[in-house]
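So the structure is just underneath, and the comments pick up after that.
Nothing in this text is a laboratory measurement; each read-out follows from the coordinates by a stated rule. As the structure is a computational prediction, the values presented were derived from the model and not from experiment.
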Amino acid sequence: MELPMLENCKTARERWGGTHQMIDRWLGQRQETLVRYFDISSDTAADQQSTLLQSFCESLMDYVSAGHFEIYEQLVREAREFDDGGIELARTLYPRVEATTQVIVDFNDKYDTRDHTNQHVSDLPADLSKLGEAMTERFEMEDQMIERLHNIHKEQVA
């Protein structure tokens, strides 16, 4: 799973990088979050894993927050301005993105501190797998939103 997720992230940055500074920054956060995900997915010592998990949770929550409170608002604003059907896509995808948000928040709440990590360390492999699936789904939907709600208007927005 590691290579396709990182490759898709790189591809997204190549396709959409430079079109909007906010999106560029956010896609950079996505890549940083993925790198941290793969760091904790690899075999590491328990004491190091707890530190990596806390760092990953912070990065993941920053990424998700930026999406919800900056990027999605901008994309929906553009969809409304251009009124070319993009708002329907947003209405379709947003509830599905919200479902992945719940998986992410649940993971964060379970592993965001050393004590939490120690309590749930036996659940970590299964939780990482579930989280990885949610992240993959989320990134695909976000890419669709960027493509449909921003890129088709980038010339007009710039």
**In order through segment 75-90: 3J(HN,Hα) via Karplus (6.51 cos²θ - 1.76 cosθ + 1.60), integer Hz, x for Gly, Pro** = 5, 5, 4, 5, 4, 5, 4, 8, 6, 10, x, x, 5, 5, 4, 4
**Asked** For segment 111-127, what does the Karplus curve 6.51 cos²θ - 1.76 cosθ + 1.60, with θ = phi - 60°, yield as ³J(HN,Hα) per residue in whole Hz, taken in order and with x for Gly and Pro?
**Response** 10, 6, 10, 4, 4, 4, 4, 4, 5, 10, 4, 5, 7, 4, x, 5, 5
**Prompt:** Can you work out ³J(HN,Hα) from phi for every residue in segment 56-63, in order, using Karplus 6.51 cos²θ - 1.76 cosθ + 1.60 and θ = phi - 60°, giving whole Hz and x for Gly and Pro?
**Reply:** 4, 4, 4, 5, 4, 5, 4, 4
